[in-house]
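Structure record follows, encoded as structure tokens.
The values are calculated or read from the model by the stated rules, or taken from the named source; none is laboratory data. Every value quoted in this text rests on a predicted model; they were computed, and no experiment measured them. Neighbour counts run over all protein chains shown; Cβ positions are idealised from the backbone, glycine included. Heavy atoms of the whole protein, side chains included, go into the accessibility calculation; ligands, DNA and RNA do not. Shrake-Rupley method; radii C 1.70, N 1.55, O 1.52, S 1.80 Å.
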Amino acid sequence: AVISLARESDAGIVMIPHRTRSLLPSMFGAALVKMAKKTPCPLLLAKSTSPYERLLVPFKGTLAGQRALEIALDVSRQLDAEVSVVIVVEPAYLRGETSSSGQWESAMLKQVRELAHVHKIEVDEVVRYGNPVKEILAVTGDRRLLVIGIEEGKTGVFSLDTANILAEKAPCSVLLVS
């Protein structure tokens, strides 16, 4: 019903209130991400952390990640909010690549800087190494909104499973962008 209403009304955002932990919290996160994939606009999981003065965007260089960063930059302009971008460099065996993590990290930072330049918004860059979920949650700190780009069927740092876990465990509101 929510998805149909969002399509019919040409909604700009769908907001869902955060539910308290249930016996099956990961199912709630999974349902949210599935809903976010079907809605024609971003899905906000509101956890009473507004106003959104400090935004955090995990970035991996995917198309969904670029859309999430662009939306965060637009929100930043509208709300006069600070934007931080976190790039998590996974160990090579998790990435499934043999290329240097330094080259990948540089390429990600270049993309972030280009998008920020186009939008004329300054961003704070944070680079972490290790488990993406743990590192993203560790830098959430006093950020009020986590903006996540999700891509269906992907594995790795911003797979549906990672988005599920972040939506469930993040202490702040989460905006899911597909």
Å³ per residue of the Cα convex hull, for the stretch 34-140?
-> 120 Å³
Using a 1.4 angstrom probe with every protein chain in place, what is the largest-first accessible-area order of M15, M35, M108?
-> M15, M35, M108
Tell me which lysines have Cα within less than 18 Å of K38's Cα, excluding those fewer than 8 residues away on the same chain?
-> K154
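Residue separation times 0.36 nm, minus the C-alpha to C-alpha distance between K38 and S106: what's the value?
Working: separation 68, 0.36 × 68 = 24.48 nm, distance 3.29 nm.
Roughly 21.2 nm would be gained on extension.
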Quick one: accessible surface of R67, probe radius 1.4 Å, all protein chains present, in square angstrom to the nearest 10.
-> 90 Å²
Hey, which of these cross-link pairs are over 22 Å Cα-Cα: K110/K169; K60/K134; K47/K169; K47/K110; K110/K134; K34/K169?
-> K110/K169; K47/K110; K110/K134
At E8 and E125, where each label point lies 7 Å from the Cα along Cα→Cβ, what is the point-to-point distance in nanometres?
-> 4.7 nm
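I need the calculated FRET efficiency for the pair T62 and L137, taking r as the beta carbon distance and R₀ as 30 Å, to the nearest 0.05. Provide the component values of the computation, followed by the final result.
Working: r = 20 Å, r/R0 = 0.66.
Between T62 and L137 the formula returns 0.90.
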